[in-house]
Amino acid sequence: MHNSNKKLQQEIIRISGVNPKKCMRCGKCTATCPAFDEMEYHPHQFVAMVEDGDIEPLLKSESLYRCLTCFACVDRCPRNVEPAKLVEAVRLTVIRQKDANHLKADDIPAMLDEDIPQQALVSAFRKYAK
Amino acid sequence: MQKITRDVLVEKAASLLENGTVDRVLGWKKGEFDYDLTPAVFTSADDLKDLVWNDFCGANFSKYLIANTKKSASKVLVFLKPCDTYSFNQLLTEHRFDREKVYAIGIPCEGMADISKIKAVTGDGISSIECGEKINVTTIYSDDTVSFDLSDVMAERCVNCKSKKHVAYDELIGEEGDVIESGRFDEVERIENMTADERYAFWQNELSRCIRCNACRDVCPACTCEKCVFDNPNHSLENKAPATSFEEKMFHIIRAFHVAGRCTDCGECSRVCPQNIPLHLLNRKFIKDMNTHYGEYQAGAEVGSRAPLVNYTTEDVEPGDVFEGRE
Amino acid sequence: MQVNEKKPLIVAFCCNWCSYAGADLAGNNRLSYPADVKIIRVPCSCRVNPMFVLRAFQRGADGVILCGCHPGDCHYTSGNYYTRRRMAMLFSMLDYLGIEKERTRVEWVSAAEGAKFAATMNDFAQTVAALGENKRLEDLRCKR
Amino acid sequence: MQRIGVFVCWCGSNIAGTVDVQAVSDALKNEPGVVFSANYQYMCSQAGQNLIKEAIAEHRLTGIVVCSCSPRMHEATFRKTAAAAGINPYMVEIANIREQCSWVHKDMLTGTEKAIILGKAAVAKVNLNTPLTPGESPVTKRALVIGGGIAGIQTALDIADAGFPVDIVETKPTIGGKMAQLDKTFPTLDCAACILTPKMVDVAQNENIRIFSYSEVTAVKGFVGNFDVTIKKKARYVNEDVCTGCGACVEKCPMKKVPNEFNLNMDNRTAIYIPFAQAVPKVATIDPMHCNMLKNGKCGVCSKVCAAGAIDYKQQDQYIEEKYGAIVVATGFNPISMDKFDEYAYNQSKDVITSLEFERLTNAAGPTAGKLLRPSDHKHPHTIVFVQCVGSRCSACAEKGKEYCSKICCMYTAKHAMLTRDKYPDTEVYVFYIDVRTPGKNFDEFYRRAVEEYGVHYIKGMVGKVSPEGDKLKVQASDLLNNKQLHIDADLVVLAAAIEPDKSARPLATMLTASMDTNDFFTEAHPKLRPVESPTAGVFLSGACQGPKDIPETVSQASAAASKVISLLVKDKLTGNPCVASSDELMCNGCSSCERVCPYGAITYVDKEFRMPNRTIAIRRVAQVNPAVCQGCGACTVACPSGAMDLKGFANNQIVAEVDAICK
């Protein structure tokens, strides 16, 4: 079997507050996912892989950034598993693994495109900050 | 809040007696001392001259309805402070009197005074007390009047008042209040946080003062048994006076257990205890535990509610785990 | 009799349908436990009034244990659920009064769990023996 | 004062090996009340029992203590012995000195010491024993079946077959229930009507069965063997005894636009109606909500055309009171509402239907005369998508779905898919499933046939969204095994809606004091060993009111319930367990605490007069225990604050005496 990464698995479960064991593999999350074609791993696979501790491929996957965070999967899931929260937790894990080497507030002004409306930035934060 | 005066109550009671709506009025009357008010039954407008309403009207009349509704040919008028209404509802839940035979007037309460707090300042020899804006006390020791603010001498149960809202009445005088977040469990928590030895010492000290006068039981609106198990010679636990330190505990544990889930936390037990034992801390412990483990429950908040001890869920905490999170 | 010779006295209330049968099974299988444990048969654990527990302590018991069917298996469908609440509250109160919480216990023992019954009693007897004599609850007049 | 005899058994060496039986009988001789004490090798043997009988006679014993094996072993034996010698069997107590003493302790000293203490406890208890007599109550030899579906029908037929009168109460104008709405039945594909309607006719013709259709139970009093039930016969404005069911009124009724509930509102009926052709009883019913005559007094056509003169616009609800010995609940199920499932567009498109609606669409007596046509445009659908587990196995939202598996959907969906492919081979049929559950005789074979012989596309995965677009339903779904997302243009989408207990069950359970689980299914007295009885004595469970069930299971449970009823009704008298609770009315507060913890509803309250000092009389509410219903658990005795409630045979003072004896 694949290498299971217990520590990362626990971390992701803790961050997301999701219990992947509640999943009954119905796939309604994936069925409902509007970004299906863009994603290598689909919502139900996220749940299954986290449950198995198969985390490494997820960390590397582009799927993380294809998820629209539309929460359709959360809404539709009959077992309250909330796959989107899991995807977000994996995303966060990637960010944390980069040794907290994020943008510093001071660096941002130099990178800003004057033409982007402020509102777009704020709404992006709102959208992705859940 | 508009302050309710004695005259308002007397006028109301007199008119209800007069028009025949009620034939008995439960109210407060001066006892041996000004602060020592006693529950009284008034049957005529003339009697009502003795009715008192001041900062010492702590007595909860709900329990008196059991006997008085049976004696009344029409209805009994009862004045209920917000905390009294909970006992009132609880007794209705237990079918202890006929609601149809009661005319309940809800009256607002800003808290009652605790005479022991006054005596701590003035000494025991109080010759008179007048309640107004301030509580003015004269003593046998001097001609000077000592004045107190009610807030400085308020009874513990009123400081930690759980509700200014009346949950039952036919007519409300004054303004309605709200249920209040109170710190009533702080003291319970303080005891819980002691070591077992400290707790034992604390309660040994408190309960060893018990003289088994039964005042707590007699005043308690939940203790309305036709015959108390402790008085029943056919019951194997009959016990009139404690012979050992354990029997004091036994009495108080059993009493608290019998009223658990039925006790509205009115605090009458501690008010009447001549030995100043904080008996309400036993009841509050049960209330706190039941709230923690079985969900918030306020006895008497509504008629017909099902108390935690006559209810269950399949997921309840195991008896061995109730201590979890402590010590 | 000298004090240090005193053995712990344990009263065990067992429900007729599960735990009393479990105790019988322990006997059938010759699984021993201390003779300090004396069993009182009740129809259901919910028959046990907190007063009985206190009475046992008052008369010199060092430990009191209640055994009933596992939650959900009560012969009377709901009895042990009430037991669970009542005893949880009683034990919490005893603890609040500073009485050693290890002296009281509720254990669910089915009719098939003879081994569990014996193990439970061994463990409980050991715990109670380690606490020593029950000084906080007993009635001194009844002291042996 | 009792005169107690103590009998210590050696049980060969089983007891005598670790317990000094002589020392035990000697020690117990000095206990209060003991007048005789002996030991013997085998107390349970004939010789041992004779020893007891002789001692009873010789020493005029009033109570017996046997120190022996577990009471679970020989308590009954020794009680019989005592009864044979003329003393009340409940004056016997057993001290268990074998299983709980000699077998678990190794040395003679501890064993003997403990045996003496156990003996003392038993003596202390017997000193307080009182003779007990089991209560007897008569049995009314008539059964009530609530619900006239296949469960109720089968139960009623079986009970009637045994020779007992049975009444069926059905809320609808006809019996038949859900099964009458079905087309075919799995796995044999018999037509539902062909196997059900003969049974309905049997019911109608059976002399022992009375049908109260269009009726409901409004009050239940009493207890096992002696229920008093009030049945409300709703006014149907047609005299049942006169109506011939000719249907002339239905034909002529001008009010033709009433949604037809029998066809799940997919077509219309008239205001006066007979639900379906084989209805039993076959009489018309006027729907007062839609009848012009009843609403505003303008019409009266049915009355004019009725040759039998059966129409009675003045008819009133009628209340019937009847006595029953046993009650069977057979209230059945309903599909849950699909209103909350926006993703499946049930409320947006007429072509998204539930499986029960599909049944009606394929039923020859249904709105399309059995032709599978889309409800929206009556065109033949070419692509059909079946969605399984809609609202079943759903723990996310209690308002939306149910946590349990509805059990029947896998099979009926396989049936629907198979029949569709059979009749219309040009149709593509997709079934989206989470799991296919087929535990039943010939069930899996049936499902495999749908796949292998009929070419139904079974796809593991759920449908995420159904969106109506033009005359198509865009179905977006996942195929988990191929890791694909599917987009299907469907003509018809069929939702396998979860099933739930009928709404009438909850108030009925309250009336019967029968317990229910959180899903409103009735709970059984024991989940394995007493599956058709409710914990309330005399109340039995039949069919889906106890849990989701298919027809074969429902019928077997119905017959099982009937056999339980029959074995109750054949008894002339019920003998109770004498160890029941009883309340001391002088001490009772009437506070209802005991009633709330009683799992059997054995406690009721009455207002009673009490003589008070000074020749006054006080009326107080006091608890009364029905000994025929009480099972003797004792929950009430602890709930009672005043100690008024006590349990015979395990009384407060008896248990305290045992505690005291042990702790002495």
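The values are calculated or read from the model by the stated rules, or taken from the named source; none is laboratory data. From a predicted model like this one, the values you see are computed outputs, not experimental measurements. No Cβ is skipped: glycine too gets one built from the backbone with ideal geometry, and neighbour counts run over all protein chains shown.
Computed quantities for the displayed model
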quantity: All positions within the stretch D:317-348 that are free of Cβ contacts under 8 Å to residues at least 12 places away in the same chain and not in a loop (DSSP other than H, G, I, E, B); calculated: D:342
quantity: Residues that are surrounded by fewer than 17 Cβ atoms within 10 Å (Cβ to Cβ) and either within 14 Å of another protein chain (Cβ to nearest Cβ) or part of a helix (DSSP H, G or I) (or both), drawn from the stretch B:294-304; calculated: B:295, B:297, B:303, B:304
quantity: Pair list, Cβ < 6 Å and 6+ apart or interchain, from the stretch C:25-40 residues that are surrounded by fewer than 19 Cβ atoms within 10 Å (Cβ to Cβ) to residues that are part of a loop (DSSP other than H, G, I, E, B); calculated: C:30/D:103; C:32/D:104
quantity: Any hit, the stretch B:172-182, residues being touching a residue at least 24 places away in the same chain (Cβ under 8 Å), of a type outside the set (S, T, N, Q), closer than 17 Å to residue B:55 by Cβ and surrounded by 20 or more Cβ atoms within 10 Å (Cβ to Cβ); calculated: no
quantity: Total residues in the stretch D:407-422, condition without any contact (Cβ under 8 Å) to a residue 60 or more places away in the chain and surrounded by fewer than 23 Cβ atoms within 10 Å (Cβ to Cβ); calculated: 2
quantity: Elements of type helices (runs of 4 or more DSSP H) contained in the stretch C:37-136, each with 1 or more residues being farther than 19 Å from residue B:257 by Cβ and facing another protein chain (nearest Cβ under 9 Å); calculated: C:114-131
quantity: Single condition residue B:190 does not satisfy, out of (1) farther than 23 Å from residue D:585 by Cα; (2) at pLDDT 90 or above; (3) surrounded by 15 or more Cβ atoms within 10 Å (Cβ to Cβ); calculated: (3)
quantity: Test result for residue B:261, assigned to a loop (DSSP other than H, G, I, E, B), within 12 Å of another protein chain (Cβ to nearest Cβ) and at pLDDT 90 or above; calculated: yes
quantity: Residues of the stretch B:24-57 satisfying the condition of being among the polar types (S, T, N, Q) and in a loop (DSSP other than H, G, I, E, B); calculated: B:43, B:44, B:54
quantity: Any hit, the stretch B:130-149, residues being crowded, with 21+ Cβ neighbours inside 10 Å and under 18 Å from the mean Cα position of the chain (by Cα); calculated: no
quantity: In the stretch C:74-91, residue surrounded by the fewest Cβ atoms within 10 Å (Cβ to Cβ) [restricted to those that are at pLDDT below 95 and of a type in the set (S, T, N, Q)]; calculated: C:77
quantity: Breaking point among (1) surrounded by fewer than 24 Cβ atoms within 10 Å (Cβ to Cβ); (2) under 15 Å from the mean Cα position of the chain (by Cα); (3) within 13 Å of chain B (Cβ to nearest Cβ), for residue C:16; calculated: (3)
quantity: The stretch B:196-222 - residue that is assigned to a loop (DSSP other than H, G, I, E, B) and in contact (Cβ under 8 Å) with a residue 40 or more places away in the chain and, of those, farthest from the other protein chains (Cβ to nearest Cβ); calculated: B:213
quantity: Qualifying residue in the stretch B:275-287 (condition: assigned to a helix (DSSP H, G or I) and among the charged types (D, E, K, R)); calculated: yes
quantity: Checking residue D:589 against (1) within 25 Å of the chain's Cα centre (by Cα); (2) within 14 Å of chain B (Cβ to nearest Cβ); (3) part of a loop (DSSP other than H, G, I, E, B); (4) of a type outside the set (D, E, K, R), the condition it does not meet; calculated: (1)
quantity: Within the stretch D:69-96, tally of residues that are part of a helix (DSSP H, G or I) and within 14 Å of chain C (Cβ to nearest Cβ); calculated: 7
quantity: Matching residues, the stretch B:1-23, being of a type in the set (Lys, Arg) and either touching a helix residue (DSSP H, G or I) at 6+ places or on another chain (Cβ under 6 Å) or in a helix (DSSP H, G or I) (or both); calculated: B:6, B:12
quantity: Any chance residue B:317 is at the interface with chain C (Cβ under 9 Å from one of its Cβ atoms) and within 21 Å of residue D:640 (Cβ to Cβ); calculated: no
quantity: Total residues in the stretch D:461-479, condition surrounded by fewer than 24 Cβ atoms within 10 Å (Cβ to Cβ) and over 18 Å from residue D:394 (Cβ atoms); calculated: 9
quantity: Number of the condition not met by residue D:622 [criteria: (1) within 30 Å of residue B:70 (Cβ to Cβ); (2) in a helix (DSSP H, G or I)]; calculated: (2)
quantity: Residue check for residue A:50: under 14 Å from the mean Cα position of the chain (by Cα), surrounded by 14 or more Cβ atoms within 10 Å (Cβ to Cβ) and not in a helix (DSSP H, G or I); calculated: no
quantity: Filter pass, residue B:247 being more than 9 Å from chain C (Cβ to nearest Cβ) and either buried (at least 16 other Cβ atoms within 10 Å of the Cβ) or free of Cβ contacts under 8 Å to residues at least 60 places away in the same chain (or both); calculated: no
quantity: Tally, over the stretch B:270-327, of residues that are in contact with a Gly (Cβ under 8 Å, 6 or more places away or on another chain) and more than 28 Å from residue B:158 (Cα to Cα); calculated: 2
quantity: Count - residues of the stretch D:423-434 that are without any contact (Cβ under 8 Å) to a residue 12 or more places away in the chain and acidic (Asp, Glu); calculated: 0
quantity: Residue check, residue B:61 under 30 Å from residue D:589 (Cα atoms), touching a residue at least 24 places away in the same chain (Cβ under 8 Å) and not in a strand (DSSP E or B); calculated: yes
quantity: Residue within the stretch B:235-243 that is of a type outside the set (S, T, N, Q) and either closer than 27 Å to residue B:109 by Cβ or touching a Leu at 6+ places or on another chain (Cβ under 8 Å) (or both) present; calculated: no
quantity: The stretch D:425-441, subset under 25 Å from residue D:370 (Cβ atoms) and surrounded by fewer than 16 Cβ atoms within 10 Å (Cβ to Cβ), residue nearest to the chain's Cα centre (by Cα); calculated: D:425
quantity: Wholly within the stretch A:60-108, helices (runs of 4 or more DSSP H) carrying at least 3 residues that are touching a helix residue (DSSP H, G or I) at 6+ places or on another chain (Cβ under 9 Å) and modelled with pLDDT of 90 or more; calculated: A:72-76, A:83-97
quantity: Positions within the stretch D:595-646 being among the acidic types (Asp, Glu), away from chain C (no Cβ under 14 Å) and touching a residue at least 12 places away in the same chain (Cβ under 8 Å), in sequence order; calculated: D:607
